[in-house]
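Comments concern the structure below.
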Amino acid sequence: MSKRLKIAIQKSGRLSKDSLELLRDLGVKLQIQEQNLIAFASNFAIDILRLRDDDIPGLIFDGLVDIGIVGENVLQEHALEKKANGESAEYELLKKLDFGFCRLALALPLSVKYENIKDFENKRIATSYPYILKDFMQKKGISYKTCVLKGSVELAPRANLADGICDLVSSGATLEANSLKEVESIFSSSACLIKKAGKLSNENEFLLNKFLLRIDGIMQARESKYIMLHSPKNKIDKIISLLPGVETPTVLPLAHNDDKVVLHMVSKENLFWETMEKLKDEGASSILVLPIEKMLR
């Protein structure tokens, strides 16, 4: 077993920047040279492999890389392909991450009327994800034809290569620009952290567990806000009830004012202007809402 933890991330593309940002938030110090495919952490026994996203699942399945950050869409497509070919696709899903959100969707030209999934019966569908599409259509009992394209899938209907498409959608702007409309979402995806099957070395297991704890803290911090305010003593319960997702607050005395206290608390939801105005109506003052950089429970 290697004493250095090998982590594969996307070299360029949708998840690259966020993956590097996550590693840095975890405290991993890296010097990235754009042309180099391997980077070495200066403060941990970690090697970062910067790869095409399509290569990451296979390296995890084969046990050649310890950890990978990859889109669920890519992971699922490669796992289904392996299984269809009678090959092993073993891995452990460690955590779904809070970036890289998208969905795999079926789309048709704007001029085509759509009622339900049966409208795709015997139609030709262009896609870069033939195995996810096949899995979905088999479960729905729909017969169709596939046109596999590695890029520019949205051009297929205009080029008379297909009747519709199955492609990744985030904002929908690309579909609109090509006179297409989304009609069915078939797979939701985000970035995820995966591990090869089996145990790592003791050193790498310890390091991985440390990082999983830190990832929890980072994700909780992104979802939360730190709130500070002054509250009348007789309105504490009412003010707490107005705050969404709030944990038990810290109550502190307010200097030179015996009628009020200071409340410090963490909320798991955004605090909107309307809520702040309600707090003020109940006598709260000096209301501060601050972002949280890191959290550990």
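The values are calculated or read from the model by the stated rules, or taken from the named source; none is laboratory data. A quick note: this is a predicted structure, and the numbers were derived from the prediction, not measured. Ideal geometry is used to build each Cβ from the backbone, glycine not excepted, and the neighbour counts take in all protein chains shown. The protein model used for the area step is the full one, side chains on, heavy atoms only, and it has no ligands, DNA or RNA in it. Shrake-Rupley method; radii C 1.70, N 1.55, O 1.52, S 1.80 Å.
If the condition is being under 25 Å from the mean Cα position of the chain (by Cα), in contact (Cβ under 8 Å) with a residue 24 or more places away in the chain and open to solvent by less than 50 Å² (accessible area, probe 1.4 Å), then region 148-183 contributes VAL153, GLU154, ILE165, CYS166, ASP167, VAL169, LEU175, VAL183.
Contact annotation: residue pairs with Cβ atoms under 8 Å, 6 or more positions apart or on different chains, pairing a residue in region 259-285 that is free of Cβ contacts under 8 Å to residues at least 40 places away in the same chain with a partner that is assigned to a loop (DSSP other than H, G, I, E, B) and open to solvent by 50 Å² or more (accessible area, probe 1.4 Å), are MET265/GLU247; MET265/THR248.
Taking the residues in region 108-134 that are in a loop (DSSP other than H, G, I, E, B) and of a type in the set (Gly, Ala, Ser) as candidates, determine which candidate is nearest to CYS166 (Cα to Cα). Quick ask: steps written out before the conclusion?
The initial filter retains those residues of region 108-134 that are in a loop (DSSP other than H, G, I, E, B), namely 110-116, 121-123, 128-129.
Checking which are of a type in the set (Gly, Ala, Ser) leaves us with 111, 128.
Values: SER111: 17, SER128: 8 Å.
Checking each candidate, the answer is SER128.
Of the listed requirements (1) open to solvent by 20 Å² or more (accessible area, probe 1.4 Å); (2) closer than 30 Å to MET295 by Cβ; (3) modelled with pLDDT of 95 or more; (4) not acidic (Asp, Glu), SER241 misses just one: (3).
Considered as a group, the residues in region 251-296 that are out of contact with any Lys or Arg (no Cβ under 9 Å at 6 or more places or on another chain), in a loop (DSSP other than H, G, I, E, B) and not acidic (Asp, Glu) include one that is most open to solvent (accessible area, probe 1.4 Å), and that residue is HIS256.
Scan region 74-103 for residues that are aliphatic (A, V, I, L, M), open to solvent by less than 50 Å² (accessible area, probe 1.4 Å) and in contact (Cβ under 8 Å) with a residue 24 or more places away in the chain and report the count. Lay out the reasoning, then the answer.
The initial filter retains those residues of region 74-103 that are aliphatic (A, V, I, L, M), namely 74-75, 79-80, 84, 89, 93-94, 97.
Now restrict to residues that are open to solvent by less than 50 Å² (accessible area, probe 1.4 Å): 74-75, 79-80, 89, 94, 97.
Add one more test, that the residue is in contact (Cβ under 8 Å) with a residue 24 or more places away in the chain, and what stays is 75, 80, 89, 94, 97.
Here the count works out to 5.
Taking the conditions (1) among the aromatic types (Phe, Trp, Tyr); (2) farther than 23 Å from GLU176 by Cα; (3) not assigned by the TED database to the domain that holds LYS195 in turn, TYR129 satisfies each one other than (2).
Restricted to region 226-236, and to residues that are within 36 Å of the chain's Cα centre (by Cα) and of a type outside the set (Ser, Thr, Tyr), which residue is most open to solvent (accessible area, probe 1.4 Å)? Filtering first and then ranking leaves MET228.
Please find, among LEU208, LEU193, the residue that is at pLDDT 95 or above, under 21 Å from ILE56 (Cβ atoms), out of contact with any helix residue (DSSP H, G or I) (no Cβ under 6 Å at 6 or more places or on another chain) and assigned to a helix (DSSP H, G or I). Spell out the reasoning first.
Values: LEU193 fails: assigned to a helix (DSSP H, G or I).
Within the list LEU208, LEU193, the selection yields LEU208.
Would it be correct to say that ILE117 is under 28 Å from PRO157 (Cβ atoms), crowded, with 16+ Cβ neighbours inside 10 Å and touching a Lys or Arg at 6+ places or on another chain (Cβ under 9 Å)? In short, yes. On the given criteria, is GLU203 open to solvent by 10 Å² or more (accessible area, probe 1.4 Å) and over 27 Å from ASN73 (Cβ atoms)? In short, yes.
When ALA159 is tested against (1) part of a loop (DSSP other than H, G, I, E, B); (2) in contact with a strand residue (DSSP E or B) (Cβ under 6 Å, 6 or more places away or on another chain), just one condition goes unmet, and that condition is (2).
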